[in-house]
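Data block below; observations after.
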Amino acid sequence: MLIDSDTASDDAVAIIMAAKNPNINLVGVTIVSGNVSAAQGVENALYTLELCNNQAPVFIGAKQPFIQKTIHAHWYHGNDGMGDKNYPKPQRQAETEDAVDAIIRFAHQHAGELELVTLGPLTNLACALAKDPSIATKFKRVVLMAGAANTVGNVTPAAEYNVWCDPEAAQMVMLSGMKLEMVGWEVALNDAIISLDEIQAIYALNTELATFAMDCNIHALKSSVDWLGDAGLIQNDPVAMAIAIAPELSRQNGYYRVEIELNGKLTRGMTVVDQRSVVGSIAGFTEDWSVRAPNVLVHHTIDGAGWKQLLSSALI
């Protein structure tokens, strides 16, 4: 598995889930600007891997989106992305190889076997595709924590943060021909939310990883409850990682045409998902969409209890 991440608090938990899974060979973590700067994301990823005793290499990548103004999610994750807990500097440093080149190298090195899980904006992946389009056919699966299939956004009324950060990059990926799976942020809602009682149960595991996983998300919890009015902690990236690790946890999914709105004044960054197969079904209304075949497996819901059990097993 290769992870592409803008490592903040929920990314860190997702990385733990992969790094501590005995069935996963984590070949590397590539870092993109998003929740935090790329440099801060490198520090957060390296520190998380150290806690896991995992030596997977970390590579720094894109420091800004293609067009969109860079806006980090400090309001949600804290200034350092990890709840401003002042964790120590990691002992390792990022590799000298650029993240984009690393993605291309791993794609060819593990052709047909490598699963890519993206947890942040898609700038690194889009740059890799632009540099070497042949990698589109090399990945076994590409699981994206991206978008909102129901068009209920978490950074604008229509857009999810990772896509909104770099809509042009997301559109490039959607049109790439890769074996894409989309886990929108809404999959982490409802019974996938970690309740306040469940947070205490995780603390009760009394392990370093369990304490870290909840402590670094304290700022995110406050943001979820106070800003978005949620009933607990939303963990978008770990939910996506759960589906990447255990696809059977997906309870409802469908294969649809997915594209990204690039121009809308109110809807830029919106994930347009043709859930009702409108494409080509209405005479005289198909000139733009009639040749656009389904391109993404979209996951709608997850087994809430199952994903939380998978999380707990990684934190023991």
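The values are calculated or read from the model by the stated rules, or taken from the named source; none is laboratory data. All figures in this text were calculated on a predicted structure; none of them were measured in a lab. Note: ideal-geometry Cβ built from the backbone for every residue, glycine included; neighbour counts use all protein chains shown.
Per-structure values
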{"quantity": "Only one of Ala169, Ala192, Ala148 that is touching a Lys or Arg at 6+ places or on another chain (Cβ under 9 Å) and in contact (Cβ under 8 Å) with a residue 40 or more places away in the chain", "calculated": "Ala192"}
{"quantity": "Filter result for Leu266 (modelled with pLDDT of 95 or more, over 20 Å from the mean Cα position of the chain (by Cα) and more than 19 Å from Asp10 (Cβ to Cβ))", "calculated": "yes"}
{"quantity": "Number of positions in region 291-316 that are surrounded by fewer than 16 Cβ atoms within 10 Å (Cβ to Cβ) and assigned to a loop (DSSP other than H, G, I, E, B)", "calculated": "5"}
{"quantity": "Cβ-Cβ under 7 Å pairs, at least 6 apart or on other chains, region 51-62 side closer than 18 Å to Asn124 by Cα, far side of a type outside the set (A, V, I, L, M) and in a helix (DSSP H, G or I)", "calculated": "Gly61/Asn124; Ala62/Thr123; Ala62/Asn124; Ala62/Cys127"}
{"quantity": "Ile202 over 30 Å from Thr70 (Cα atoms), aliphatic (A, V, I, L, M) and in contact (Cβ under 8 Å) with a residue 40 or more places away in the chain", "calculated": "yes"}
{"quantity": "One residue from Ile135, Ile199 being over 16 Å from the mean Cα position of the chain (by Cα) and within 19 Å of Leu310 (Cβ to Cβ)", "calculated": "Ile199"}
{"quantity": "Whichever residue in region 1-51 is of a type in the set (S, T, N, Q) and over 21 Å from Ala220 (Cα atoms) and, among such residues, is surrounded by the most Cβ atoms within 10 Å (Cβ to Cβ)", "calculated": "Thr30"}
{"quantity": "Test result for Leu46, farther than 21 Å from Phe139 by Cβ and touching a Lys or Arg at 6+ places or on another chain (Cβ under 6 Å)", "calculated": "yes"}
{"quantity": "Hey, Gly264 in a loop (DSSP other than H, G, I, E, B) and out of contact with any strand residue (DSSP E or B) (no Cβ under 8 Å at 6 or more places or on another chain) or not", "calculated": "no"}
{"quantity": "Search result, residues across region 35-50 that are in contact (Cβ under 8 Å) with a residue 40 or more places away in the chain and either closer than 27 Å to Met270 by Cβ or touching a His at 6+ places or on another chain (Cβ under 8 Å) (or both)", "calculated": "Asn35, Val36, Gly41"}
{"quantity": "The listed residue being farther than 27 Å from Val296 by Cβ, out of contact with any Leu (no Cβ under 9 Å at 6 or more places or on another chain) and either without any contact (Cβ under 8 Å) to a residue 40 or more places away in the chain or of a type in the set (Gly, Ala, Ser) (or both), out of Lys222, Lys265", "calculated": "Lys222"}
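A quick yes/no check of all residues on (1) farther than 19 Å from Met17 by Cα; (2) in contact with a Lys or Arg (Cβ under 7 Å, 6 or more places away or on another chain):
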{"residue": "Trp164", "(1), (2)": "yes, no"}
{"residue": "Leu175", "(1), (2)": "yes, no"}
{"residue": "Glu198", "(1), (2)": "no, yes"}
{"residue": "Ala246", "(1), (2)": "no, no"}
{"residue": "Asn253", "(1), (2)": "yes, no"}
{"residue": "Val273", "(1), (2)": "yes, no"}
